[in-house]
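Asker: Sending over a structure as structure tokens; questions will come in a sec.
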Amino acid sequence: MMRTICSEHGGRLFATDDRYCIDNRATTAYTGLLAYAHGTVTPLEESTFTQRFRTDEVHAIWRQKKEPSNMNSLMQESS
């Protein structure tokens, strides 16, 4: 799947050891911040996780919209 995506977008694919292909807290937190900034909220009791979630199954709502005007203030609040 990744090879196809890279090919379609003129990118290059590099593989890494599986021990590094797991949840990265910084990217997870930033993804959550982007989702929140674009109005996506999931109550804790409804939240779940899948460590090896397929990237082609993620609906990234922020990819279709401009960056919200409050993004800088959200990033400052989270640091």
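Here, each number is a calculation from the coordinates, and none is a lab measurement. Note that the structure is predicted; figures quoted are calculated from it, not measured. Reconstructed Cβ throughout: ideal geometry from the backbone, glycine too, with neighbour counts over all protein chains shown.
Asker: What FRET efficiency comes out for ARG12 versus PHE49 if R0 is 35 angstrom and r is the Cβ-Cβ distance? Round to the nearest 0.05.
Answerer: So, using R0 = 35 Å, E works out to roughly 0.75.
Asker: Report the extension gain between MET1 and TYR20 in nm, rounded to one decimal, defined as 0.36 nm multiplied by the number of residues separating them, less their alpha carbon distance.
Answerer: Difference between extended and current length: 5.0 nm.
Asker: I'd like the Karplus ³J(HN,Hα) series for the stretch 4-21: coefficients 6.51, -1.76, 1.60, θ = phi - 60°, whole numbers in Hz, and an x wherever there's a Gly or Pro.
Answerer: 5, 4, 4, 4, 5, 10, x, x, 10, 10, 10, 9, 10, 4, 4, 5, 9, 9
Asker: Another question, then. Across the stretch 35-51, in residue order, what do the Karplus-derived ³J(HN,Hα) couplings come to in whole Hz, using 6.51 cos²θ - 1.76 cosθ + 1.60 with θ = phi - 60° and x for Gly and Pro?
Answerer: With the stated coefficients, the stretch 35-51 comes to 4, 4, 4, 9, x, 8, 10, 10, x, 3, 5, 9, 7, 9, 8, 9, 4 Hz.
Asker: Separate question: By per-residue mean of other Cβ atoms within 10 Å, what is the highest-first order of 3-15, 32-44?
Answerer: Packing order, densest peptide first, comes out as 32-44, 3-15.
Asker: Please compute the modelled spin-label separation between THR31 and HIS59, points set 7 Å along Cα→Cβ, answer in nm with one decimal.
Answerer: Modelled inter-label distance: 1.6 nm.
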